[in-house]
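Participant: One structure is given below, represented as structure tokens, and several questions about it will come after.
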Amino acid sequence: MAWDPTRYNLFRKERAAPFEDLARLLIIRAGLSVIDLGCGTGDLTSRLAEMLPGSDVLGVDSSPSMLARAAEHARSGLRFEQGSIETVRGEFDLVFSHAAIQWVDDHETLIPHLWRMVRPGGQLAVQVPSNHSHPTHTLIQELAASPQFADRVGGYNRWWPVLSIERYAEILFTLGGVDIVVYEKVYPHVLPDADALADWMSGTALVPYKERMDPEDFDEFMQAYRARLWTRYPDQPVFFGFRRTLFSAVKPGQ
């Protein structure tokens with residue numbers, strides 16, 4: 001997808017909060033081999049590398065525009081490569097992913113794939129948005145399915161593959177994981193108004209819709225989306241409770 005790093009970073013502070021919570025689950029050791037799946041602009045991958053002294057950290061992302069921004073952070077012990085989460089291979093002491101695997105379908109298959117990349121004694125640590133029942137998402141889906149836009153978006157609609165926290169825990173247990181931690185947390189963001197909600201979503205969930213529509217059609221889509229958001233959230237400021245799922249497990253071994 002054609003990601004816009006500048007638009008994505010409009011809410012950089014808010015997006016960093018769950019990263020810090022995920023980082024608290026890490027077993028900090030020196031000299032680890034680490035992969036960050038869906039590294040985006042590399043800001044938080046750089047922060048991850050700082051937390052893991054002497055480690056070799058590889059950030060992987062499928063977006064050339066995101067990687068162009070991430071390249072600014074490259075240094076000894078921190079590098080970036082283009083690749084997709086579902087096809088990347090290798091073995092690592094830490095397989096880490098922050099707000100990325102929601103774009104990959106079939107988590108029943110994906111989580112075992114990620115687990116295979118964890119070396120014995122290593123760790124899998126993932127954070128994934130789980131707020132897809134929130135009106136900011138459901139209003140997009142309603143508009144995309146409406147007679148006004150269904151043809152213009154080519155019949156596309158994004159249904160998110162995120163599982164329940166219980167299911168992630170079950171999968172990790174079945175795979176043989178130990179020290180399993182799985183929880184969901186609501187991050188309380190206060191935004192100026194409904195337009196800010198639209199701006200937030202334009203950097204993430206709306207990206208595949210924009211790709212599939214002519215610019216004029218997408219502008220009309222955004223106008224309709226903003227109008228619905230204002231109807232749902234007429235007050236200022238707006239409370240945006242953002243749910244996220246975090247999970248971690250250790251592979252027995254060394």
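Participant: Quick one: which residues, 5+ away or cross-chain, put their amide H under 5 Å from the amide H of Ser55? H built at 1.01 Å from N.
Facilitator: Those qualifying (amide H under 5 Å, at least 5 residues apart or on another chain) are Gly31, Leu32.
Participant: Placing unit charges on C-beta atoms (Lys and Arg positive, Asp and Glu negative, everything else neutral), compute the dipole magnitude of the chain about its Cα centre in debye, rounded to 20.
Facilitator: Computed charge dipole of the chain: roughly 580 debye.
Participant: At 222 nm, what helix-only mean residue ellipticity would the chain give, in deg cm²/dmol to the nearest 500, using -39500 (n - 2.57) for each DSSP H run of four or more?
Facilitator: Computed ellipticity for the chain at 222 nm equals -11000 deg cm²/dmol.
Participant: Want the number for Ala16 to Ser76: 0.36 nm per residue separation, take away the alpha-carbon distance, what's left?
Facilitator: This chain segment gains 19.3 nm when fully extended.
Participant: Under a 5 Å amide H to amide H cut-off, with H placed in plane at 1.01 Å, what residues pair with Asn131 once short-range neighbours are removed?
Facilitator: For Asn131, whose amide H was placed from the backbone, the distant partners under 5 Å are Arg243.
Participant: May I pose another question? Hey, can you rank 36-45, 76-85 by average C-beta count inside 10 Å, highest first?
Facilitator: My ranking of the peptides, most packed first, is 36-45, 76-85.
Participant: Here is a further query. Could you calculate the contour length gain from Gln223 to Val178, that is, 0.36 nm times the residue separation minus the distance between their Cα atoms, to one decimal place in nm?
Facilitator: Full extension of this stretch gives 11.4 nm more.
Participant: Using each residue's phi in region 208-213, evaluate 6.51 cos²θ - 1.76 cosθ + 1.60 at θ = phi - 60° and report the 3J(HN,Hα) Karplus result to the nearest Hz, with x for Gly and Pro.
Facilitator: Once θ is set to phi - 60°, the couplings for region 208-213 become x, 6, 4, 4, 9, 10 Hz.
Coordinate-derived values only; no laboratory data. Source: prediction; values computed, not measured. Cβ atoms come from the backbone with ideal geometry, glycine included; neighbour counts cover every protein chain shown.
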